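Q: Can you keep this structure in mind? I'll have questions shortly.
The values are calculated or read from the model by the stated rules, or taken from the named source; none is laboratory data. Since the structure is predicted, the reported quantities are computational estimates derived from the model, not experimental observations. For neighbour counting, all protein chains shown are included, and Cβ atoms are generated from backbone atoms with ideal geometry for every residue, glycine included.
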Amino acid sequence: MNSTSPVAKPVPPVTKPVPIPNEDSQAFWDAAKRGVFLVQQCTECGAHRFPPQAICTECSSLASEWKPVSGKGKVWSYVVFHRAYHPAFKEEIPYAVACIELDEGPRLLANVRGIAPDKLRCEMRVEAILEDAADGVRIPNFRIAEGA
Ligand SMILES: [Zn+2]
């Protein structure tokens, strides 16, 4: 509140930051909008990779293609945030940020939904969910796999 007005101006809602696609990742984000989870696969050695990048981390080839993945994997590691490092996450603390290892091999950071952070464990089976975020972006997060 400032000294010239006794009425506080409405504060716009704080939104979570969303990824900004680049040349390497545009295809991934476009597919996610359509509900398809793609990763790059090296056409030389067959390695899947994530995040998107120009060069294969296994054989240094520049040749790759986009392939849909199962979205299934496991919790490789995780941390539980008890402090909001961005105001848009304040209402969610405590929450877990997990390193998920996809069955195809790549690892990515994501939230695991539907489980209390203190119940999460390494090796738990998870499956991807593409969640709507701001600006029409869909972000891959995970939930505990059915039957796990
Ligand atoms: Zn390769």
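Q: Check the range 57-66 and report whether any residue there is more than 16 Å from the ligand (Cβ to nearest atom) and in a strand (DSSP E or B). Spell out the reasoning first.
A: First, the residues of the range 57-66 that are more than 16 Å from the ligand (Cβ to nearest atom): none.
No.
Q: Hey, another quick one. Looking at residue 89 and the list (1) more than 10 Å from the ligand (Cβ to nearest atom); (2) surrounded by fewer than 14 Cβ atoms within 10 Å (Cβ to Cβ); (3) outside any strand (DSSP E or B), which single condition is not satisfied?
A: Result: residue 89 passes all but (2).
Q: Pairs needed: first member in the range 49-64, over 16 Å from residue 105 (Cα atoms); second member anywhere, within 8 Å of the ligand (Cβ to nearest atom) and not in a loop (DSSP other than H, G, I, E, B); C-beta distance under 6 Å; at least 6 residues apart or different chains.
A: 61/42
Q: Go through (1) under 26 Å from residue 123 (Cα atoms); (2) within 16 Å of the ligand (Cβ to nearest atom); (3) at pLDDT 95 or above; (4) more than 16 Å from the chain's Cα centre (by Cα) one by one and return the number of the condition residue 82 breaks.
A: (2)
Q: Ok, one more. In the set 146, 101, which member is out of contact with any Ser or Thr (no Cβ under 7 Å at 6 or more places or on another chain), modelled with pLDDT under 95 and closer than 25 Å to residue 33 by Cα?
A: Values: 101 fails: modelled with pLDDT under 95.
Testing whether each residue is out of contact with any Ser or Thr (no Cβ under 7 Å at 6 or more places or on another chain), modelled with pLDDT under 95 and closer than 25 Å to residue 33 by Cα leaves just 146.
Q: Also, I was wondering about something else. Does residue 75 satisfy the condition of being buried (at least 18 other Cβ atoms within 10 Å of the Cβ) and either of a type in the set (Val, Ile, Thr) or closer than 25 Å to residue 146 by Cβ (or both)? Quick ask: steps written out before the conclusion?
A: On the way: buried (at least 18 other Cβ atoms within 10 Å of the Cβ): yes; either of a type in the set (Val, Ile, Thr) or closer than 25 Å to residue 146 by Cβ (or both): yes.
Yes; evaluated as a whole, the condition is true for this residue.
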